[in-house]
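Notes for the one structure printed next.
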Amino acid sequence: MKTATALTARTAHAASTGTPRLTELTAAIRTELRPTRTEASDGPVAARVAAVLASFLHHPDLLTPAQLEPDPHAYRQHLLHVEPDGSFSMVALVWLPGQATRIHDHTAWCVVGTYLGAEEETAFRLAEQDGRTVLEPVATTVFPTGAVAHLTPPGDIHLVRNATSGKAVSLHVYGADVSVRGSSIRRVYDLPIHPGAGEEGRA
Ligand SMILES: [Fe+2]
């Protein structure tokens, strides 16, 4: 199994220097997670966290200047928060033009909100082609500033790239302790990409 280092993100560990607004956000997420012990699926949890995250994306004082710093070599991950009980973590990803993740999926639910610029996500599914396993693109979606989305494994294979010619920043909340393995990435997929039946939608 590939580890987080198989992705090209550089991680900056600066969790102790969060803004008061970030503290507000983590407290609000903590409140939304309390009922999860009685819930059978991750979908409602991720949807509630997405609503909370969306309500904070317009705040210009959410991140410090250091947490908005890019890396010229690869998209950069700033670790913002790890809940002491490991129930959730939050990172900021900073993208320069042309920077992208590899194709991957996650071990836990994930909520993404665009804070600056726009990101493009392409979803894939596994398929069989001439006796080999390939990836088929399913849909490509552009998320402008303020947009949120949530993913719940399994079936969350995707790639994310900066959709702009400037810097983009997104906030990611994971239902996992990302400090254990550096991320909540389950697997990186180095498989051929086959167009299949074509993408179902583009927004
Ligand atoms: Fe992801």
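The values are calculated or read from the model by the stated rules, or taken from the named source; none is laboratory data. This structure is a prediction, so every number in the text was calculated from the model and none was measured. Methodologically, a virtual Cβ is constructed for each residue, glycine included, from the backbone with ideal geometry; neighbour enumeration extends over all protein chains shown.
A few points about this structure:
- Taken over segment 69-94, the criterion of being away from the ligand (no atom under 16 Å from the Cβ) and either in contact with a Cys (Cβ under 8 Å, 6 or more places away or on another chain) or not in a strand (DSSP E or B) (or both) is satisfied by 69, 70, 71, 72, 73, 83, 84, 85, 86, 87.
- Single match in 32, 83 (criterion: in contact with a Ser or Thr (Cβ under 8 Å, 6 or more places away or on another chain), charged (D, E, K, R) and under 16 Å from residue 171 (Cβ atoms)): 83
- Taking segment 95-128 as the range and being among the small types (Gly, Ala, Ser), more than 20 Å from residue 169 (Cα to Cα) and either within 16 Å of the ligand (Cβ to nearest atom) or in a loop (DSSP other than H, G, I, E, B) (or both) as the test, only 108 passes.
- Residue identified as closer than 14 Å to residue 24 by Cα and at pLDDT 95 or above among 54, 92: 54
- Counted residues, segment 146-163 - those being crowded, with 19+ Cβ neighbours inside 10 Å and away from the ligand (no atom under 13 Å from the Cβ): 3
- Within the option set 71, 85, being acidic (Asp, Glu) and free of Cβ contacts under 8 Å to residues at least 12 places away in the same chain holds for one residue only, 85.
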